[in-house]
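Working notes, beginning with the structure itself.
The values are calculated or read from the model by the stated rules, or taken from the named source; none is laboratory data. Bear in mind the structure is a predicted one, so any value in this text is a computation, not a measurement. Every residue, glycine among them, receives a Cβ derived from its backbone with ideal geometry; neighbour counts consider all protein chains shown.
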Amino acid sequence: MNQPEELDEELRRLFADERLAVPPGDGAETAILAGARRIRRRRRVLTATGGALAAVALVGTGLLVSDLRSNPDRVASPPADQTLSIANSTGQPTSIAPAPPAASPTSTEAAPPPESTTSVPRQTTSKTAPPTSSTRVATVPQVSGPVLGPTGYSKLKLGMSFQDAKSTGLLANADSEPAQCTYYTLTEGTSAVSKVKISPTDGVVAFLASGAHTPEQIQIGSTKDQLEAAYPGLSGGSSLYSADAGGNGTYMFTMSGDKVSVLSLIGPGSDC
């Protein structure tokens, strides 16, 4: 027996109860039965409406799941103000707010690693400047070409007699011995040494350089700073300076301004 039949049976039992002191009026049973039928119809409408809404919800859920499977990175998010209205058991519309959208797995950002609290002392390396060297190689530029050494040039040496100097074949115009201190040129020209000075008593006493340089890289055109760096024991002043060449010789430097203009090698005990 269903609910409508049970309601009818209950109503009939109540109406047949002899304890009711008030007899029903004419048409009361008909009115009551009509009201019961209205209640049954309303219940049928509510039941049908609830089933239809449930079916719609099931279909919508299926579509949503299918869409999520085909596009896992996209989660549909309804507008914030969009609600679903259904009728409750009293016939009044009820608003159901949509559930908040689920966070996409791909939109989560990895939290940055915590900063290390361990303090590592910073190592500082002090760079010390290389020691300045007063050596001639470090401060005087290297030059090339012939060298006017401390004892002479090529085969010609300080103190060599006129005959020995002539026998080297380097003296030009050496037909006779000098009667006094005389300058001679070289058979090779004047590119390295322009003149050689020979004394009748002391032999070769001086060389006058043109393109040759000293073993300490000083030549005509060298600056005063280079000269002082090459010869720490430099002596003299004004425009004439001298330095010990070693081997009993002395270098003489004549300055024109800040540069060497005359370079010569002088032997000891010259009477010229």
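For the reader, a short list of remarks on this structure follows.
- Of note, A245 does not satisfy the criterion of being in contact (Cβ under 8 Å) with a residue 60 or more places away in the chain, within 15 Å of S154 (Cα to Cα), of a type in the set (A, V, I, L, M) and surrounded by 14 or more Cβ atoms within 10 Å (Cβ to Cβ).
- Check on E228, touching a Phe, Trp or Tyr at 6+ places or on another chain (Cβ under 8 Å), in the same structural domain as A179 (by TED's automatic domain parsing) and not in a strand (DSSP E or B): no
- Neighbours by Cβ (under 8 Å, 6+ apart or cross-chain): first from region 137-159, in contact (Cβ under 8 Å) with a residue 12 or more places away in the chain and on the phi < 0 side of the Ramachandran plot; second part of a strand (DSSP E or B) and among the basic types (K, R): T151/K157
- Looking at A174, A230, A138, just one residue is in contact with a helix residue (DSSP H, G or I) (Cβ under 8 Å, 6 or more places away or on another chain) and modelled with pLDDT under 95, and that residue is A174.
- Residue match in region 160-168 (condition: in contact with a helix residue (DSSP H, G or I) (Cβ under 9 Å, 6 or more places away or on another chain) and either among the polar types (S, T, N, Q) or assigned to a strand (DSSP E or B) (or both)): no
- The set of residues in region 169-201 being crowded, with 20+ Cβ neighbours inside 10 Å and assigned to a loop (DSSP other than H, G, I, E, B) consists of A174 alone.
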